[in-house]
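Novice: Below are the structure tokens for one structure; questions will follow.
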Amino acid sequence: MLHKHLSWVEISASALRHQMRLFQQYAPSARIFPVIKSNAYGHGMREVVGVLDREKSVAGYMVASLDEALRAASLTRKQVVILSIWQQDQPLVVRALRRGIVFPIYDLTAARWLERLGARLSRKIPVHIKIDVGTMRLGFRFDDSRAVRQVLHMPHLAVTGIFSHFADSESADEGFTQKQFTRFQEVVDGLRQEGYVIPMYHISCSAAAIRGERYHADAIRLGISLYGLWPSDDIKRLYARKRYIFRPAMAWKTRIVQIKTVRKGESIGYGLTYRARRGMRIAVLPVGYADGYDRSLSNRAHVLVGGKRCPVRGRVCMNLCMIELSRGIAARVGSPVVLLGRQNDDAITAAELADKAGTIHYEIVSRISAGIPRIIVP
């Protein structure tokens, strides 16, 4: 039996709106910027913007790169801010400036390049200065005030924001997060005392936003928790009962393409990694590691068929995988299968798959192939 899609991802519009309104409720004084990098953490940039753009609480969007920013700007009239790297490609940068995209400045080389471009264009270029308060990624060191002030004095750069990034805000131990925030606040206070007027300061990711108002500053970068996922087990344990109830926005589904009988002693899949201990029925699914269903889930993960768990048997292939159909399941070719998400009273969560794969749930959702259709559901 042929179907329109071999597999598809369903995105719950109500779940996305629920998370936005939840954070708006608990952070009423901060602007909220959904982070839609990496195809909206695998949820689909176009689809997520299509749902959220009508929400009044969405101040704009944040992305990782210039390419992502250009794509995002084609989907919305709201502000788009680049958080990470961008290539010094004049035609691309000029296109971005026409759309009002904000660039990050993380070193003097980037600042001088944009300053020269601004001079040639006879215009001020909007930028946010990135401060490194101990994560040791992009940004000016928090104690390098001289370099930051050089950027502030460049006549063709309009510094509309200062920002930083936490390294350990997902941990139960808040010590380093507090230390980083103190460093960031000292930079901010120093600039204010010197008379610099900068419209926006932001450092808060999902985990820091959940921790409380003290980290909210002027804006929250709402990433993983926008999509209904906890930043970490520690944050969930500390805060789940207090205020936050998340609704995962993503479900990944497919259909059975073949059913066959395997006799006791026969092996399944590449490398003969699973040998049947009894006679069983297996189903072949048209999903593999090229689609983002990780090979490390081989012989470890489960899927849902008819609301019941069915184990993956044998190695996950590039485009296919096999499951054992548990007894009592009335499955046939074409029957729906849930790889990630809820079916009846059970659910396969991103955290569960991450645990099986030895990774984090961020990776599970963001690595689902962009070529798989994203379908908005209520």
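Novice: Look at the range 157-211 and say how many of its residues are β-branched (Val, Ile, Thr) and open to solvent by 10 Å² or more (accessible area, probe 1.4 Å).
Specialist: Residues meeting the conditions: 6.
Novice: Considering only the range 298-347, how many residues are over 19 Å from residue 269 (Cα atoms) and hydroxyl-bearing (Ser, Thr, Tyr)?
Specialist: So the answer is 1.
Novice: Condition first: among the polar types (S, T, N, Q) and either at pLDDT 95 or above or touching a Phe, Trp or Tyr at 6+ places or on another chain (Cβ under 8 Å) (or both). Now tell me which residues in the range 302-340 satisfy that.
Specialist: Passing the criteria: 319, 335.
Novice: Counting only residues that are open to solvent by 30 Å² or more (accessible area, probe 1.4 Å) and in contact (Cβ under 8 Å) with a residue 40 or more places away in the chain, which one in the range 48-70 is farthest from residue 221 (Cα to Cα)?
Specialist: 50
Novice: Another question, if that's okay. So residue 354 ticks every box in (1) open to solvent by less than 10 Å² (accessible area, probe 1.4 Å); (2) in contact with a Leu (Cβ under 9 Å, 6 or more places away or on another chain) but one. Which box is left unticked?
Specialist: Just one mismatch for residue 354, condition (2).
Novice: Whether any residue in the range 176-184 is under 26 Å from the mean Cα position of the chain (by Cα) and more than 30 Å from residue 236 (Cβ to Cβ) is what I want to check.
Specialist: no
Novice: Determine which member of the set 154, 136 is under 30 Å from residue 229 (Cβ atoms), part of a loop (DSSP other than H, G, I, E, B) and aliphatic (A, V, I, L, M).
Specialist: Answer to the check: 136.
Novice: Here's another thing I want to ask about it. Scan the range 13-30 residue by residue and report those that are assigned to a loop (DSSP other than H, G, I, E, B) and of a type in the set (Ser, Thr, Tyr).
Specialist: 29
Novice: Looking at the range 14-25, I want the residues that are within 15 Å of residue 47 (Cβ to Cβ) and have a partner that is open to solvent by 10 Å² or more (accessible area, probe 1.4 Å) and of a type in the set (Asp, Glu) with Cβ atoms under 6 Å, at least 6 apart or on another chain. Which pairs are those?
Specialist: Filtered contacts from the range 14-25: 20/55.
Novice: Got a number for residues in the range 261-287 being closer than 28 Å to residue 371 by Cβ and loosely packed, with under 11 Cβ neighbours inside 10 Å?
Specialist: 1
Novice: Quick one: would you say residue 315 is open to solvent by 20 Å² or more (accessible area, probe 1.4 Å), of a type in the set (D, E, K, R), assigned to a loop (DSSP other than H, G, I, E, B) and in contact (Cβ under 8 Å) with a residue 60 or more places away in the chain?
Specialist: Against the criterion (open to solvent by 20 Å² or more (accessible area, probe 1.4 Å), of a type in the set (D, E, K, R), assigned to a loop (DSSP other than H, G, I, E, B) and in contact (Cβ under 8 Å) with a residue 60 or more places away in the chain), residue 315 does not qualify.
Novice: A further question on this structure: Inspect all residues belonging to the range 108-127 and state whether any of them is open to solvent by 10 Å² or more (accessible area, probe 1.4 Å), under 20 Å from residue 183 (Cα atoms) and at pLDDT 95 or above.
Specialist: no
Novice: Moving to a separate point now. Do we have residue 214 as of a type outside the set (A, V, I, L, M) and open to solvent by 20 Å² or more (accessible area, probe 1.4 Å) here?
Specialist: Yes: the conditions hold for residue 214.
Novice: What pairs come up if the first residue lies in the range 261-282 and is assigned to a loop (DSSP other than H, G, I, E, B), the second is polar (S, T, N, Q), and their beta carbons are under 8 Å apart, counting only those six or more places apart or on different chains?
Specialist: Listed pairs, sorted by first residue: 269/298; 273/267; 273/298; 273/299; 276/267; 279/261.
Novice: Residues of the range 76-87 being under 18 Å from the mean Cα position of the chain (by Cα) and modelled with pLDDT of 95 or more, which ones?
Specialist: Passing the criteria: 80, 81, 82, 83, 84.
Novice: Which of the residues spanning the range 8-26 are touching a helix residue (DSSP H, G or I) at 6+ places or on another chain (Cβ under 7 Å) and crowded, with 22+ Cβ neighbours inside 10 Å?
Specialist: 11, 16, 19, 23
Novice: Would you please list the contacts, defined by Cβ atoms under 7 Å and residues six or more apart or on different chains, that run from a residue in the range 136-148 that is more than 17 Å from residue 64 (Cα to Cα) to a residue that is at pLDDT below 95 and surrounded by 15 or more Cβ atoms within 10 Å (Cβ to Cβ)?
Specialist: So the pair list comes out empty.
The values are calculated or read from the model by the stated rules, or taken from the named source; none is laboratory data. The model shown is predicted, which means the values in this text are computed figures rather than measured ones. Because the Cβ atoms are built from the backbone with ideal geometry, glycine has one as well, and the counts that use them run over all protein chains shown. For the accessible areas, the whole protein counts, side chains as well, though only heavy atoms, and no ligand, DNA or RNA atoms are used. Shrake-Rupley method; radii C 1.70, N 1.55, O 1.52, S 1.80 Å.
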